[in-house]
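Colleague: A single structure is presented below for examination.
The values are calculated or read from the model by the stated rules, or taken from the named source; none is laboratory data. What you are looking at is a predicted structure, and each value in this text was computed from that prediction instead of being measured. Cβ atoms come from the backbone with ideal geometry, glycine included; neighbour counts cover every protein chain shown.
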Amino acid sequence: MNKVGIRTLALEDPSRPAWSSNGNRPLLSEVWYPASDNAEETIFSFGTPEPLFQFDSVAIEADLQQEKKDYPLVVLSHGTGGSALQMGWLAWHLAAHGYIAVAVNHHGNNSLEPYLAHGFLLWWERAKDLTLLIDLLLNEVTEFKGRIDENRIGVSGFSLGGYTAIELVGGRCSLEHFEAFCTSEHRDAICEGPKEFPGIMEEMPRLESEDKSFQESLRRHNESYKDERVKAAFVMAPALGMAFSEAGLAGVDVPVHVVVPEGDKVVPPKTNGHRFAELIADADMEVLAGPVDHYVFLCEATECGKRLEPDCAIDHFLVDRRQIHLHVGEQAVMFFDRHL
């Protein structure tokens, strides 16, 4: 396997204003990649005020390995209120096996900046982040320009990031379909809103009536955000399955692999992962059996993380998060090797 490098990219989207300032939409991103053989690696931990999570050894700002002319690319999308670094365990596996993997901190919906209602409610804006990220890595970021195989690009996402990945490969969201489900007797936990932003659903009426940027984005929710360059999607505990009608998933014409934890209480598998697997033409699914819960797809926690964030840092005593990461990481590499 390759040594793994990591580099932070302070990018922006000049076509979309930030919701929190007068500037451009921020696209702060992290890139993992095969590093040169002489790179020095160290365990990487992150979080404040003390490190809360960690992933395997990386070489910070190491040179990209020169043995190959170009590399396949996988763009990654984090879950609600998460961060690009939380995708580090999967990105590490991909980079160790010869991929460049890049994750963006989705504006207004990440743990590095203040949470914004726009970032939590205007889900479809996330797919545009990934498309621009591909553009920038292919054409502008000096370290990677000319080193990516444009014909071998995939996407992966966790939770709301799984929804984002489905949109990037052709899924079209329907707020009407989602509302019909959430006002029916069949509604489930996905309709309760994210625990990271309590009371957010009460913000909707005001934003719909008073906020022009919110109104403009709402009008675009059912558009296609498909990026034809993306040839396959690997999604973990994907959320908002009921935000897609059957017709809304008909446009997904690339291979999709779905992984769901059997014990997921946050994103119920039946109306999310199972729905995607059943309605997408070229999809298959793996169920992680037993008491495996939603947050198993976050990085491994430090002792401080387990103390301060037990809900997402501590698994059932029968669940080994590291072994699940190894297994799912291997499955992701095999999937992208086969389809890219």
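Colleague: What tally of residues in segment 289-302 results from selecting those that are buried (at least 21 other Cβ atoms within 10 Å of the Cβ) and either among the β-branched types (V, I, T) or part of a helix (DSSP H, G or I) (or both)?
Modeller: Adding up the residues that qualify gives 5.
Colleague: Assess whether D13 counts as being at pLDDT 95 or above, among the charged types (D, E, K, R) and buried (at least 18 other Cβ atoms within 10 Å of the Cβ).
Modeller: Considered against the rule, which asks whether it is at pLDDT 95 or above, among the charged types (D, E, K, R) and buried (at least 18 other Cβ atoms within 10 Å of the Cβ), D13 comes out as yes.
Colleague: Only residues that are within 24 Å of N110 (Cα to Cα) and in a helix (DSSP H, G or I): list them for segment 157-188, please.
Modeller: Result: L160, G161, G162, Y163, T164, A165, I166, E167, L168, L175, F178.
Colleague: Regarding E278, is this residue over 26 Å from K195 (Cβ atoms), in contact with a helix residue (DSSP H, G or I) (Cβ under 9 Å, 6 or more places away or on another chain) and either among the acidic types (D, E) or at pLDDT below 95 (or both)?
Modeller: The answer is no for E278.
Colleague: Inside segment 318-340, can you point out the residues that are over 18 Å from R152 (Cβ atoms), part of a helix (DSSP H, G or I) and of a type outside the set (S, T, N, Q)?
Modeller: Residues satisfying the conditions are R321, R322, I324, H325, L326, H327, V328, G329, E330.
Colleague: Would you list the helices (runs of 4 or more DSSP H) that sit entirely within segment 75-156 and hold 1 or more residues that are at pLDDT 95 or above, more than 14 Å from the chain's Cα centre (by Cα) and within 24 Å of H294 (Cβ to Cβ)?
Modeller: 88-96, 117-121
Colleague: I'd like the full set of residues that are in a strand (DSSP E or B) and more than 18 Å from V104 (Cα to Cα), limited to segment 59-74.
Modeller: A59, L64, Y71
Colleague: Test P49 against the criterion of being in a strand (DSSP E or B), of a type outside the set (F, W, Y), without any contact (Cβ under 8 Å) to a residue 12 or more places away in the chain and surrounded by fewer than 22 Cβ atoms within 10 Å (Cβ to Cβ), and give yes or no.
Modeller: No: the conditions fail for P49.
Colleague: Now, a different point. Given the criterion touching a strand residue (DSSP E or B) at 6+ places or on another chain (Cβ under 6 Å) and farther than 27 Å from T131 by Cβ, identify the matching residue among V287, V319.
Modeller: Selected residue: V287, the only one of V287, V319 that is touching a strand residue (DSSP E or B) at 6+ places or on another chain (Cβ under 6 Å) and farther than 27 Å from T131 by Cβ.
Yes/no per residue for (1) closer than 22 Å to V75 by Cα; (2) hydroxyl-bearing (S, T, Y); (3) surrounded by fewer than 20 Cβ atoms within 10 Å (Cβ to Cβ):
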residue: G241; (1), (2), (3): yes, no, no
residue: V260; (1), (2), (3): yes, no, no
residue: V287; (1), (2), (3): no, no, yes
residue: C304; (1), (2), (3): no, no, yes
residue: A313; (1), (2), (3): no, no, no
